[in-house]
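Notes for the one structure printed next.
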Amino acid sequence: MEYIYYKAKKGNFGDDLNGWLWPKFFGESNSKDDYFIGIGSILFKDNRLFKSLSDKKKIVFGSGIRPAYKPFIIDDTWDVQFLRGPLSAGALGNKHEYISDSAYALRLTKDFEQMMATEKKYKISVIPYFHSLKYFNWENLCNKLGYHYISPLSESGVEHTMREIASSEYIITEAMHGAIVADALRIPWSRFILTTPYTEGQMISEFKWMDWLYSAEVLIDKPVNIQFYRNSFLNKWVKTLSNQIVDAKFFLKHKVEEDILKQLSSVTNYYLSKNIVMEKIDNRIQQKINSLNNNWLKN
């Protein structure tokens with residue numbers, strides 16, 4: 001079986017969890033006929049990851065739909081074990097069950113209890129979205145806030161990043177899997193929105209967050225929303241006047257950084273799914289892991 005997932009050039013914690021997590025349950029990735037699709041919002045028409053797999057068996061294990069104008073078609077080459085949430089299920093006509101984001105499977109690994117026992121070293125840690133790194137110096141911003149910075153690129157490996165999360169009392173995150181892993185580790189988390197409406201699209205960003213949040217039965221009152229000016233009217237106006245030479249973000253970056261410091265320093269609302277919901281998710285994912293392994297043993 002081969003694990004199929006998006007691989008960012010410089011890495012991305014959420015996507016890279018696939019390469020660490022699934023071999024613990026199903027063995028190392030290989031070039032057999034079965035293809036496994038786990039963590040990620042990668043179910044959409046014309047995804048290049050599936051281009052050469054049209055006649056191959058594809059196992060969906062907690063993946064999410066990425067909303068698009070063209071519908072995603074499921075034929076008999078797809079084995080949908082479960083989807084991430086009710087929005088993904090609805091997008092496919094409610095013909096397949098959902099549990100939650102399959103990153104929660106980390107709770108079922110042999111290393112999980114040890115990870116849960118990690119000593120707390122940081123009061124508050126911040127995890128930006130990986131595309132936000134090109135716009136701001138997050139280490140510097142976190143130093144000013146007195147918070148700990150956790151890189152979403154996982155340069156030292158996803159296990160190191162998980163232990164950084166486990167070492168924190170609270171997590172403030174723009175990255176969805178920063179929140180999911182914190183939730184799995186029973187660490188209260190808070191979401192902030194900055195660049196995601198522009199770097200991945202407002203519809204896509206909100207769809208995937210709501211898909212997960214509904215599945216985990218978590219209701220956020222109001223996430224911290226920091227205005228990012230990259231695609232604003234002012235930016236377009238300044239570029240037009242300067243014949244596309246001057247970008248308004250150079251004038252406004254300092255203002256955005258001030259907003260980041262102000263908004264993140266005043267976060268008071270943190271969230272956590274209920275223990276009973278987490279136990280239900282654990283049990284259902286474990287059943288799916290057992291079922292998949294039993295089917296392979298029979299074959």
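The values are calculated or read from the model by the stated rules, or taken from the named source; none is laboratory data. Keep in mind the model is a prediction, meaning the values are calculated, not measured. Note that we place each Cβ from the backbone using ideal geometry, even for glycine, and neighbour counts take in every protein chain shown.
One table, with the values for the structure above:
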{"read-out": "Any hit, the range 19-31, residues being closer than 26 Å to Lys134 by Cβ and either of a type in the set (Val, Ile, Thr) or in contact with a Lys or Arg (Cβ under 9 Å, 6 or more places away or on another chain) (or both)", "value": "yes"}
{"read-out": "Among (1) crowded, with 18+ Cβ neighbours inside 10 Å; (2) over 19 Å from His177 (Cα atoms), the one test that Ser132 misses", "value": "(2)"}
{"read-out": "So Leu213, is it over 18 Å from Gln114 (Cα atoms) and among the hydrophobic types (A, V, I, L, M, F, W, C)", "value": "yes"}
{"read-out": "Inter-residue pairs, beta-carbon under 6 Å, first within 26 Å of Val126 (Cβ to Cβ) and in the range 264-293, second in a helix (DSSP H, G or I) and among the charged types (D, E, K, R), 6+ apart", "value": "Ser273/Asp183"}
{"read-out": "Selection from the range 48-61 of residues that are assigned to a strand (DSSP E or B) and either without any contact (Cβ under 8 Å) to a residue 24 or more places away in the chain or of a type in the set (Val, Ile, Thr) (or both)", "value": "Ile59, Val60"}
{"read-out": "Filter result for Lys24 (loosely packed, with under 15 Cβ neighbours inside 10 Å, outside any loop (DSSP other than H, G, I, E, B) and not aliphatic (A, V, I, L, M))", "value": "yes"}
{"read-out": "Matching residues in the range 71-91 - criterion: being part of a loop (DSSP other than H, G, I, E, B), under 20 Å from Ile4 (Cα atoms) and not hydroxyl-bearing (Ser, Thr, Tyr)", "value": "Phe72, Ile73, Ile74, Asp75, Asp76, Arg84, Gly85"}
{"read-out": "Residue within the range 137-146 that is more than 15 Å from Leu17 (Cα to Cα), under 15 Å from the mean Cα position of the chain (by Cα), among the aromatic types (Phe, Trp, Tyr) and outside the structural domain of Phe13 (by TED's automatic domain parsing) present", "value": "no"}
{"read-out": "Residues of the range 106-139 that turn out to be in contact with a helix residue (DSSP H, G or I) (Cβ under 9 Å, 6 or more places away or on another chain), assigned to a helix (DSSP H, G or I) and either over 21 Å from Ala8 (Cα atoms) or among the hydrophobic types (A, V, I, L, M, F, W, C) (or both), as a count", "value": "8"}
{"read-out": "Matching residues in the range 163-221 - criterion: being buried (at least 18 other Cβ atoms within 10 Å of the Cβ) and among the acidic types (Asp, Glu)", "value": "Glu164, Glu174, Asp183, Asp211"}
{"read-out": "Number of positions in the range 155-204 that are in a helix (DSSP H, G or I) and modelled with pLDDT of 95 or more", "value": "18"}
{"read-out": "Residue within the range 218-234 that is farther than 17 Å from Ile127 by Cα and modelled with pLDDT of 95 or more present", "value": "yes"}
{"read-out": "Scan of the range 202-222 for residues that are of a type outside the set (Ser, Thr, Tyr) and touching a Ser or Thr at 6+ places or on another chain (Cβ under 6 Å), ordered by number", "value": "Lys208, Asp211, Ala216, Val218"}
{"read-out": "Counted residues, the range 140-153 - those being part of a helix (DSSP H, G or I) and without any contact (Cβ under 8 Å) to a residue 40 or more places away in the chain", "value": "3"}
{"read-out": "Qualifying position, being assigned by TED's automatic domain parsing to the domain that holds Ser41, charged (D, E, K, R), touching a residue at least 24 places away in the same chain (Cβ under 8 Å) and at negative phi, among Arg66, Arg163", "value": "Arg66"}
{"read-out": "Where Ala248 falls short, out of the listed (1) modelled with pLDDT of 85 or more; (2) aliphatic (A, V, I, L, M); (3) crowded, with 18+ Cβ neighbours inside 10 Å", "value": "(1)"}
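Condition check ((1) assigned to a loop (DSSP other than H, G, I, E, B); (2) within 24 Å of Asp16 (Cβ to Cβ)) across all residues:
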| residue | (1), (2) |
| --- | --- |
| Phe36 | no, yes |
| Asp46 | yes, yes |
| Tyr69 | yes, no |
| Tyr104 | no, yes |
